[in-house]
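What follows is a single structure, written as structure tokens, with notes after it.
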Amino acid sequence: MNNFAITPEVIATHNLTFEEYEKILKILGREPNLTELGVFSVMWSEHCSYKSSRVHLGRLPTTGKRVIVPPGENAGVVDIGDDWCVAFKVESHNHPSFIEPFQGAATGVGGILRDVFTMGARPIAAMNSLRFGHLTEDKHANRNKSILKGCVEGIAHYGNCFGVPTIGGEVVFDEAYNLNPLVNAFALGIVRKDQIFFGKASGIGNPVLYVGAKTGRDGIHGATMASAEFDEEALEKRPTVQVGDPFLEKLLLEACLEAMRSGAIAGIQDMGAAGLTSSSVEMAARAGTGLEINLTLVPQRETGMTAYEMLLSESQERMLIVAHRGREREIVEIFNKWDLDAVVVGKVVEGNRLKIFHNGNLEADLPVDKLTDEAPRYERRKAKGERRKLKTKNRKPKTEDQNEALKMLLASPNICSKRWVYRQYDTMVRTNTAILPGADAAVVRIKETRRAVAMCLDGNARFVAVNPKIGAKLNVAESARNVVCVGAKPIAITNCLNFASPERPEVMYSFSEVIDGIKEACEAFQTPVVSGNVSFYNETDGRGILPTPVIGMVGLIEDTHKIITHGFKSEGDIIALLGITNDDLSVSEYAQTILEFSTDELIETGEVPEINLDLEKKIQDACLNLADECLLKSAHDCSDGGLAVAIAESCFSSLNRKATGAEIELKNERLSTESLLFSESPSRIVISFKAEDLERVSAIALENNCPFEVIGKVGGEDLKIKLNEAEIVSASTAELENAWKNSLENQLGVEN
Amino acid sequence: MKFGVVVFPGSNCDHDAYHVVSKHVGQPVDFIWHKQTDLSGYDALIVPGGFSYGDYLRAGALARFSPVMKAIKDFAAAGKFVFGVCNGFQILCESGLLPGALMRNSGLHFVCQHINIRVENEKTPFTSELDAGEVLSIPIAHAEGNYVCDDLTLAELEDNNRIIFRYCDENGEPSNEANPNGSRSNIAGICNAEGNVLGMMPHPERACEELLGSNDGRDIFRSLTKAVERMEGK
């Protein structure tokens, strides 16, 4: 074994505390060598061990009649009927995407795709939730632009070449993400119920194969990097960002699926964060076995690599496979057909030791269970943050002309069309995409059945910052509503919890509250959490991001003929609102764009909308009943920008559909004009249907105890809104659509 | 009648082409691995979209050296049908089965969206079920679709009606605004001198169902099926 002195400095550079090191000494009964210390440091990093979040994550609901694989594996698996399942997960790649946007985002996509096909599922859809600082009027604007461009190109580069359609997600701008962008990548795959694979090193004597790309020195200590905050020296960490090769990943996918079909695989696990170390430790831990690995046999693309480097490398596009004994030859042949390396590098052994050999020396000899089960777990201190309770200043709106306000909102960064982004993604490969990006939720049909799967990724960090528990409930409710709006019944979620340093009590307080909020909402909608990821330490120069949970909701549509889109379809159709508008302007796009509140001011002065999960459920049930009876011509979630924005978006053109106008007549004495138009009350859906179906539609709303109000009809070329007979909005749809459609390009300063 | 869909490492529209031929055209179809050199038994080959060999060096540049390509050249020389879509079109140009080349889009980005193309020549094995001047809504998805060729080649393509599809607006006008990638003369698809090899950048296999937004691509596959039937009848 190597005998490099383990000094306090060495321990500190491995991001281990003194107490943690003491624990290592106790476990081993001796000093670790440097290689062993490296293994402990990545396995016990926040990223791999969830040491700050574990005590809270246990509160999330994870069971349900559709849940086939709950959290703990590479991805969650949910039954969608007829013996088919979907496997899905969302994962963050925030830190690498800040340091090197293109490769950071690209490898984020690569990692999540591997998580899905490791389960035996062929990826059929990808989404991304992206958060950046503002592109204009900000001292970091240029930097933010280049991060956005880099991330989008990286995602496109990886997903397009791999051949998975990138069909949705969100792009959000807020000053809170200056120098700390969030890149959360989601993937969903399809697998037969009896062909699901697990990351288990089972079967004593079974050979362990290394397959895929060769190992290099890239990404060493990526997991520990992702477990620390950033400072000015962050860019020096660039060498720890991995480089992705989507072509290799495509070959790896095909080879893995073919090898799985052969029946020769006992267990399989992707080498993600902490590479060979975490994959072998996790596989052995799940099976309660030991492993012997000979690093000399590992395919390498650099010379002179040490055991330390090989164990901690995060080279991409690699997998660890445990084969049934005697069938390793078949696996090697399949991988060779796809021009990939597949080498037997070790075997499953009795006991619980992970033994690593290199050049004939035993380089590490560690107890597997201690690396996982006995990883530190912190009940970190939590304390409610002090809100600086600013008095709401009476702000003069930028404009009192509601036409002008509506147009400004439609062009605002968070509401405007994200076409510039998603046009760079292949949204249609695999020919399943029934709803293209830009809708409430994306939909892919499942060719093997009559069904389709809907999915969306949503966060609403400002609400969460004001009140983490209610904010989280609003977040889950909105994501459920989004899939309901395309006609899908919500069935399960995955989540990505992006937070600042867990060592700050106010961050831990909001984290814990968010868990409780998600729990309550998921129980109300019967959507268990089947997978997810926690990303802490999202702060740069001592400034943390807003607490940003991102919910990936998956819904099921029984019949592809019952898919609903959000655009108004025909002249004369009736427009109605399911739900009730309240005065919820204080934390809204209106407050930010028209009243010019900064995010800090919004959070310090605003109040979150109330959310009644019972009412929310009634509204969603009514919408689903209407969809099921094929009564809906359109349905659109009413959220950012409020009712006026939702109606305008339903007027805009889409594939095979020209833009249309609408005439809306609101009656209300309770709310201000601004609130009626732009309030962001939850639990609202704008629907349209044939005039002759009015009776049936209102009856269904009544049966569900769902507030229902006819508010207008489709037609003309203008969007006209009257309040108590007085016209408050009258604008040409074409003009509104132009403002909405071209805004992002204008902010980026690129051609339309 | 038998169709083949060629699979290179990195092809990713192979399953889509297979699906359309088997499900919507209703004809027998096999995947053909890029190392296969015996193509007897096949009447029409589809060279599908994707990123063969990761688009390393240049889109389609490495695929031309694949063992199956020599066989495809013989196959085409025998008058059988070869249909390249997107990366398939790039491969056919790189291997010399079609003239010209596909360069980086003028906008420099990958572009995926539904666009319109106009049928310029309905008297080919790939367009017989369509009308001249007909406008089809078919998606594109590429970063290198900017068709270039020299003046002589363009004249030859034009004089012999070998430009099969042009990018156009919804009224069938091949305008600059309707050109999504800067292609010379709005060219979206061309055929060889004999008329049995077609390459096009748009993806007709993605436009065979209302559910996906368009079924305008079906008639191209139906035309090809009829052409094979006619050949078998001879």
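The values are calculated or read from the model by the stated rules, or taken from the named source; none is laboratory data. The structure presented is a predicted model; accordingly, all values stated were derived computationally and were not measured. As a convention, Cβ positions derive from the backbone with ideal geometry for all residues, glycine included, and neighbour counts pool all protein chains shown. We work out accessible area using only protein heavy atoms, side chains counted, and drop any ligands, DNA or RNA first. Shrake-Rupley method; radii C 1.70, N 1.55, O 1.52, S 1.80 Å.
Taking all Cα pairs closer than 8 Å and separated by 6 or more residues, the relative contact order of region A:509-630 comes to 26 percent.
The residues of region B:3-233 present an accessible area of 36 Å² per residue when probed at 1.4 Å with all protein chains retained. What quantity of accessible surface, computed with a 1.4 Å probe and excluding non-protein components, is buried in total between chains B and A, in Å² to the nearest 100? Summing both chains' loss of accessible area gives about 2700 Å². Would you work out if the protein assembly as shown is rounded, prolate or oblate? Take a ≥ b ≥ c from the square roots of the eigenvalues of the alpha-carbon gyration tensor; rounded if a/c is under 1.5, else prolate when a/b is larger than b/c, oblate otherwise. It comes out oblate by the Cα gyration axes. Put simply, the amide H of residue A:718, placed in the peptide plane, has neighbours under 5 Å in A:661, A:662, A:733, leaving out anything fewer than 5 places away on its chain. Against chain A, whose longest principal axis comes from its Cα atoms, helix A:505-525 is set at around 70 degrees.
Scanning residues 5 or more positions from residue A:363 or on other chains, those with amide H under 5 Å from its amide H are A:356, A:357, A:358, with H placed 1.01 Å from N in the peptide plane. Taking all protein chains together and a 1.4 Å probe, the residues B:103, A:283 rank B:103, A:283 from largest to smallest accessible area.
Would region B:3-233 count as rounded, prolate or oblate if I go by the C-alpha gyration tensor, calling it rounded below 1.5 in a/c and otherwise prolate when a/b exceeds b/c, oblate otherwise? Rounded is the answer for region B:3-233, as its axis ratio a/c remains below 1.5. Shape class for region A:592-747: oblate, because the ratio a/c of the largest to smallest gyration tensor axis (alpha-carbon atoms, square roots of eigenvalues) is 1.5 or more and b/c is at least a/b. The string of couplings for region B:206-222 from the Karplus curve (6.51, -1.76, 1.60, θ = phi - 60°) is 8, 10, 10, 8, 4, 4, 8, x, 6, 10, 5, x, 4, 5, 5, 5, 5 Hz, one whole number per residue in order, with x for Gly and Pro. Residue by residue along A:282-288, Cβ atoms of other protein chains within 10 Å of the local Cβ number 0 on average.
Nonpolar atom fraction for chain A, defined as the carbon and sulfur part of the 1.4 Å probe accessible area, stands at 47 percent.
Given 0.36 nm per residue, what is the gain on full extension from residue A:570 to residue A:361 after removing their alpha carbon distance, in nm? Before the final figure, lay out the partial values.
Numbers: separation 209, 0.36 × 209 = 75.24 nm, distance 7.54 nm.
Extra length from residue A:570 to residue A:361 when fully extended: 67.7 nm.
Scan region A:274-332 for GluC sites (Glu not before Pro) in coil per DSSP, keeping those whose Cβ has at most 15 other Cβ atoms within 10 Å, and list them by number. Sites meeting the loop and neighbour criteria: A:302. Could you name the lysines in cross-link range of residue A:65, using Cα to Cα under 27 Å and dropping any fewer than eight places away on the same chain? In chain and number order, the partners are A:89, A:193, A:200, A:447, A:469, A:473, A:489, A:519, A:562, A:617, A:618.
How much net charge surrounds residue B:112 when only the other residues with a Cβ under 15 Å from the Cβ of residue B:112 are counted, with Lys and Arg +1 and Asp and Glu -1? Here the charged neighbours net out to 0.
The simple spin-label model puts a point 7 Å past each Cα toward its Cβ; for residue B:36 and residue A:175 those points are separated by 6.2 nm. Can you give me the C-alpha center-to-center distance between region A:592-650 and region B:81-159, rounded to a whole angstrom? So the two Cα centres are separated by 44 Å. Element breakdown for region B:3-233 at a 1.4 angstrom probe: carbon and sulfur atoms account for 48% of the accessible area. Length available on full extension from residue A:738 to residue A:516: 0.36 nm per residue minus the Cα-Cα distance, which gives 75.8 nm. Report summary: the helix-based calculation at 222 nm, which adds -39500 (n - 2.57) for every DSSP H run with n ≥ 4 and divides by the residues of the protein assembly as shown, gives -9500 deg cm²/dmol. In this structure chain A gives 34 Å² per residue of accessible area when probed at 1.4 Å with all protein chains present. The distance between label points at residue A:383 and residue A:303 comes to 5.8 nm (points 7 Å beyond Cα on the Cα→Cβ vector). Centroid-to-centroid, using Cα positions, region A:419-458 and region A:494-518 are 30 Å apart. Per-residue mean of foreign Cβ neighbours for B:8-15 is 6 (Cβ atoms of other chains, 10 Å radius).
For region A:140-175, heavy-atom accessible area (probe 1.4 Å) falls by no less than 40 Å² from the chain alone to the full protein assembly at A:160, A:161. The phi-based Karplus calculation (6.51 cos²θ - 1.76 cosθ + 1.60; θ = phi - 60°) puts the 3J(HN,Hα) values of region B:61-72 at 5, 7, 4, 4, 8, 5, x, 5, 5, 5, 4, 5 Hz, whole numbers, x for Gly and Pro.
The lysine pair count for region B:1-158, using Cα distances under 24 Å and pairs eight or more places apart or on different chains, is 13. For residue B:70 and residue B:161, the difference between the fully extended length at 0.36 nm per residue and the C-alpha to C-alpha distance is 30.1 nm. Amide H contacts under 5 Å for residue A:492: A:554, restricted to partners 5 or more places along the chain or on a different chain, H placed in the peptide plane at 1.01 Å from N.
Just to confirm my numbers, what's the Cα centroid distance between region B:18-41 and region A:341-418 in Å? If we compute the Cα centre of each part, the gap is 45 Å.
Of the peptides A:443-450, A:176-183, B:41-48, the order by per-residue mean of other Cβ atoms within 10 Å, starting with the highest, comes out as A:176-183, B:41-48, A:443-450.
Cut-off 17 Å, label point 7 angstrom out along Cα-to-Cβ of residue A:447: give me the residues of region B:47-79 whose amide nitrogen falls inside. Only B:47-51 fall inside the zone, counting backbone N under 17 Å. Here is the list for region A:509-603: trypsin sites (Lys or Arg not before Pro) lying in DSSP coil, each with at most 16 other C-beta atoms within 10 angstrom of its C-beta, are A:569. Taking all protein chains as shown and a probe of 1.4 angstrom, residue B:109 keeps an accessible surface of around 50 Å².
Take each residue in B:197-208, count the other chain C-beta atoms within 10 Å of its C-beta, and the mean is 1.
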